[in-house]
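Participant: Next up is a structure, given as structure tokens.
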Amino acid sequence: MQLYLSDAAAVADAADLIHRFGGDAEFEAAARANRSRNLGNHLHFCRWRQIERLIALLGDDEPTGSIH
């Protein structure tokens, strides 16, 4: 999985969702992405989709990517 975060605020938003929604944080980020897409806001759609991916990555028990 590739992950791009444009700024540190995306990490803070992910942490906030995890704090507020626990195990459902990934679903909340996906819902926010879908709302943004439905409103035609492609920038926020991409942002929330990346936050969703970050939350999934943080919750994964297996290492991702190359290990050096």
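The values are calculated or read from the model by the stated rules, or taken from the named source; none is laboratory data. Bear in mind the structure is a predicted one, so any value in this text is a computation, not a measurement. In this analysis, Cβ positions are derived from the backbone assuming ideal geometry, glycine residues included, and neighbour counts consider all displayed protein chains.
Participant: Just the residues that are at pLDDT 95 or above and of a type in the set (S, T, N, Q), please, taken from the stretch 22-68.
Facilitator: Asn34, Ser36, Asn38, Asn41, Gln50
Participant: Does the stretch 25-58 hold any residues that are loosely packed, with under 13 Cβ neighbours inside 10 Å and at negative phi, and which are they?
Facilitator: Matches in the stretch 25-58: Asn38, Leu39, His42, Leu43.
Participant: So, one more: How many residues are in a helix (DSSP H, G or I) and either over 19 Å from Ile18 (Cβ atoms) or touching a Phe, Trp or Tyr at 6+ places or on another chain (Cβ under 8 Å) (or both) when one looks only at the stretch 45-68?
Facilitator: 3
Participant: Ok, one more. Output the qualifying pairs, or none if there are none: Cβ atoms under 8 angstrom, residues six or more apart or on different chains, first residue in the stretch 17-32 and of a type in the set (Asp, Glu), second residue buried (at least 18 other Cβ atoms within 10 Å of the Cβ).
Facilitator: Glu26/Glu52; Glu26/Ile55; Glu28/Leu17
Participant: Now a separate question. Quick one: what pairs do we get from the stretch 1-16, first residue part of a helix (DSSP H, G or I), second surrounded by 13 or more Cβ atoms within 10 Å (Cβ to Cβ), C-beta under 6 Å, 6+ apart or different chains?
Facilitator: Every condition considered, the pairs that remain are Ala10/Ile51; Asp13/Ile51; Ala14/Ile51; Ala14/Leu54; Ala14/Ile55.
Participant: What residue, among those in the stretch 1-22 that are of a type in the set (Gly, Ala, Ser) and within 13 Å of Ile55 (Cα to Cα), is surrounded by the fewest Cβ atoms within 10 Å (Cβ to Cβ)?
Facilitator: Gly22
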